[in-house]
DNA sequence: ACCTGAACACCGTTCAAGT
DNA sequence: ACCTGAACACCGTTCAAGT
């Protein structure tokens, strides 16, 4: 519980936990999650890979710290609208979560693969559940709504970042979809909806889904 | 376009595309996605790893075929309720998608990491968009709804399988969450909602979120 | 035509040994 | 106390060579 910390006896450390997450997030932005390896991260920090394990016991633990860092300040950024309605405050919070995930390359993938219990994540959960409880929803409905909003937002952002990642060369995914849908006559409905299907305005799409959820909540109140 | 197929000259092949996906899905169920390597799969098929590349150019292509296989028959399983209302038919379809992902260990992770354009996936999309278009929704709203329902379902099932996977030892995740929420007094709302938060009835949670979306759609019609 | 064998360029993680 | 060096047990993918 106090290996790389407190007194400061012996040699000063060249790296620490905070510098490691920061460098990892930088590397993530530059190269993407698949290229974020312990060896490359160590390289970027001028150290051998084994040295990282003095600060994070596993790569998974580092990824969790990265998620937590990404969520730092998300809740704070979504207040100030304290006089707004519960539905507006809920929507602001959801948009703030999406924005935080979009702020880093593969942010949604990193977040989806971890389960932080730090103040970033729990503060967000507290704020969202608080808004709904104070609006009159039951404890259960508030908890279920948290999961619904979070799962939708993460699922949506996962797709968005997969579709727009530089890794997945250009417009290849959309082109394959268009070809599959337009060749043959098996998908009449998809053909009619093709333009909305293949020119995905992600902002609009997210706002649409979030509005569905909010309207559903209003109907339940 | 015809390397491992058609005539049948030379030695008969010991493996093929269909057997490869089937064995891969079996291995997935037994060992999980992280243990599904090309070498282990080759072992299970009594062949060297390099041999697999005659049938699937990359592991990603194999994973896409696995996704497509998982989706085979999903749409068919969700009809028969042809006289039901559009909202019932939509819900049935969403439940069928979730069921298909839950049917395989790490099914949601496999599905989320691929973008099949086969009949399984596109047939599902066609059915969902068809239900909404015929119910009177615009082409755009039908397309946006497809993404919303799919993203919510995949996001939800991703969380569900992460929480229930044998890999993530027992109840560790829930215990950590409970400890973090109950220690200190930073999360009054989460404490009130703790039972619903930590004893997640996933069936109920999914039905709740889906109902929110459906109610939101009804309000929009 | 189909598969083997062996290699290439990597991984995450551990740990004795140096300073 | 902190980090290096080197190893362990793997990866995905390629490709000449055998049959």
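Where a number appears in this text, it was derived from the coordinates with a stated rule and is not lab data. Everything quoted here is computed from the prediction, not taken from an experiment. Cβ atoms come from the backbone with ideal geometry, glycine included; neighbour counts cover every protein chain shown.
Could you list, bin by bin from short to long, the percent of Cα-Cα pairs of segment B:70-220 in 5 Å steps? Final binned percentages: 2, 9, 16, 19, 17, 13, 10, 8, 5, 2, 0. One compactness figure for segment A:150-210 is 1.23, namely its Cα radius of gyration divided by 2.2 N^0.38 Å.
If you line up the long axis of helix B:86-102 against the longest principal axis of chain B, both from Cα atoms, how many degrees apart are they, to the nearest 10? Relative to chain B, helix B:86-102 is tipped by roughly 60 degrees. Reported value for segment A:17-57: 58 Å³ per residue, from the convex hull of its C-alpha atoms.
How big is the Rg/Rh ratio for the protein assembly as shown, C-alpha atoms only, Rh by Kirkwood, two decimals?
Radius of gyration relative to Kirkwood radius: 0.98.
Hey, got the average number of other protein chain Cβ atoms within 10 angstrom for residues in B:60-68?
Values: counts 0, 0, 0, 0, 0, 0, 0, 0, 0.
Mean inter-chain Cβ contacts per residue within 10 Å come to 0.
Shielding of peptide A:214-221 by partners, expressed as the average count of other chain Cβ atoms within 10 Å per residue Cβ, is 5.
With label points defined 7 Å past Cα in the direction of Cβ, position residue B:79 shows copy-to-copy spacings of 5.4 nm, given to one decimal and shortest first. For the rotation carrying B onto A, the chain B residue whose Cβ lies nearest the axis, with the distance in whole Å, reads B:155, 1.
Calculated mean residue ellipticity at 222 nm for chain A: -20000 deg cm²/dmol, from DSSP H runs with n ≥ 4 weighted as -39500 (n - 2.57), summed, divided by the residue count and rounded to 500. Averaged over peptide B:203-211, the number of partner chain Cβ atoms lying within 10 Å of each residue's Cβ comes to 4.
Considering only A:174, A:119, A:21, give the residue with the highest GNM mean-square fluctuation for chain A, with springs between Cα atoms whenever their separation is below 10 Å. Per the Cα network of chain A with a 10 Å cutoff, A:174 tops the list. For chain A, modelled as a GNM whose springs connect Cα atoms under 10 angstrom apart, the maximal fluctuation among A:191, A:205, A:168 occurs at A:191. Anyone know which of A:142, A:18, A:112 comes out most mobile in the 10 Å Cα GNM of chain A? Answer for the Gaussian network model of chain A: A:18.
Between copies, the label points of residue B:44, set 7 Å from Cα on the Cα→Cβ line, lie 3.4 nm apart, reported in increasing order to one decimal in nanometres. Taking the label point 7 Å along Cα→Cβ, residue A:140 and its counterparts in the other copies are spaced 3.9 nm apart, in ascending order.
Rounded to whole Å, give me the distance from the Cα center of segment B:121-164 to that of segment A:19-55. With segment B:121-164 and segment A:19-55 each reduced to a Cα centre, they are spaced 37 Å.
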